[in-house]
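Working notes, structure below.
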Amino acid sequence: MDQKTVTFLIKCPDQEGIIATLTGFFFGEGYNIISLQQYTNVKEKKFFMRICIATNRQITKDLEEKFEKLSKDFSMEWKIDYGDKIQKVAIMVSHTSHNLYDLLSKYKEGMLPCEVVMVVSNHEKLRPVAEMFGIPFYYAPVSNETRLQQEKDLIDLFDKNKIDLIVMARYMQILTSNFIEHYPFKIINIHHSFLPAFQGANPYMRAYERGVKLIGATAHYATEDLDEGPIIEQDVERVTHESTVGALKSIGADIETMVLSKAVKFHLNNQVIVDGNKAIVFPET
């Protein structure tokens with residue numbers, strides 16, 4: 001039998017003996033620990049761990065039952081990924097294509113461990129991009145009057161296709177709380193500035209007017225608070241007083257593609273633990 005890898009994401013109040021107990025548990029159950037990453041928030045007294053175990057024998061649900069008993073002693077919140085499911089992804093877009101091109105290119109090249117099931121847009125403009133990559137395209141127009149029905153139809157569409165992750169690759173619509181709550185921490189958004197500065201529309205003009213020396217992008221989980229969800233990835237690049245609004249947009253677009261694809265990959269690889277409004281992101285091993 002081929003070796004199987006299982007990933008645990010764990011968070012709990014910090015206390016003595018957690019690492020020794022966990023490593024001892026997996027050793028006692030006959031599993032080989034191939035990766036162990038941990039972080040302790042000393043100020044808030046919280047403990048976080050990503051641990052990957054491997055075995056050549058069959059892994060059964062009995063492992064979860066035994067771990068659940070152990071977890072209660074430490075008040076752990078945890079989830080497990082058996083690595084045997086390819087996550088299904090839906091990409092939402094409006095007019096701008098650079099993030100869509102980048103995600104679909106990386107997907108087709110095998111750089112994103114997922115299945116991109118569909119591209120959804122409130123405009124027809126990017127249909128040719130989806131079709132060029134052989135991805136089904138769904139046109140979902142929306143207005144203030146039709147927003148609730150459009151989102152209901154999208155929820156039905158996503159649930160029918162068993163979508164695991166929704167990526168807002170410059171989908172320029174504000175999602176309702178009902179939609180977001182249906183997919184908790186399963187919606188990743190890219191913001192075309194360095195949050196929390198210059199939130200909302202036309203940030204590059206405001207960044208230009210402010211004379212910024214850094215321009216960047218932020219990928220975060222969508223929450224009810226606009227552009228304020230847990231931050232997964234950010235990056236910046238230096239600019240000068242000579243940088244025009246057009247130059248800022250061009251630089252920003254390049255940063256966006258890198259930041260968004262990294263955030264998606266981190267999520268797909270089970271590298272993220274959400275704690276309140278923070279995202280603990282463990283580095284790739």
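The values are calculated or read from the model by the stated rules, or taken from the named source; none is laboratory data. For clarity, every value in this text was computed on a predicted model and none was experimentally measured. Here the Cβ positions follow ideal geometry from the backbone for every residue, glycine too, while neighbour counts run over all protein chains shown.
Key figures
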item: Identity of the residue in the range 208-249, part of a helix (DSSP H, G or I) and either on the phi > 0 side of the Ramachandran plot or surrounded by 15 or more Cβ atoms within 10 Å (Cβ to Cβ) (or both), that ends up nearest to the chain's Cα centre (by Cα); result: Lys249
item: Selection within the range 237-262 - in contact with a strand residue (DSSP E or B) (Cβ under 9 Å, 6 or more places away or on another chain), over 8 Å from Ile215 (Cβ atoms) and acidic (Asp, Glu); result: Asp254, Glu256
item: Leading residue by the ranking (nearest to Lys278 (Cα to Cα)) among those in the range 22-65 that are in contact with a strand residue (DSSP E or B) (Cβ under 7 Å, 6 or more places away or on another chain) and of a type in the set (D, E, K, R); result: Lys46
item: Pairs, first under 13 Å from Ser35 (Cα atoms) in the range 3-23, second hydroxyl-bearing (Ser, Thr, Tyr) and surrounded by fewer than 17 Cβ atoms within 10 Å (Cβ to Cβ), C-beta under 9 Å, six or more apart; result: Thr5/Ser35; Thr5/Tyr82; Val6/Tyr82; Thr7/Ser35; Thr7/Tyr82
item: Qualifying residue in the range 62-81 (condition: assigned by TED's automatic domain parsing to the domain that holds Lys162, farther than 25 Å from Met258 by Cβ and in contact with a Pro (Cβ under 9 Å, 6 or more places away or on another chain)); result: no
item: Filtered residues of the range 52-75 (kept if within 24 Å of Glu284 (Cβ to Cβ) and in contact (Cβ under 8 Å) with a residue 60 or more places away in the chain); result: Cys52
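Yes or no, residue by residue, for (1) under 21 Å from Asn161 (Cβ atoms); (2) in contact with a helix residue (DSSP H, G or I) (Cβ under 6 Å, 6 or more places away or on another chain); (3) among the aliphatic types (A, V, I, L, M):
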{"position": "Lys43", "(1), (2), (3)": "no, no, no"}
{"position": "Ile59", "(1), (2), (3)": "no, no, yes"}
{"position": "Met76", "(1), (2), (3)": "no, no, yes"}
{"position": "Ser94", "(1), (2), (3)": "yes, no, no"}
{"position": "Tyr101", "(1), (2), (3)": "no, no, no"}
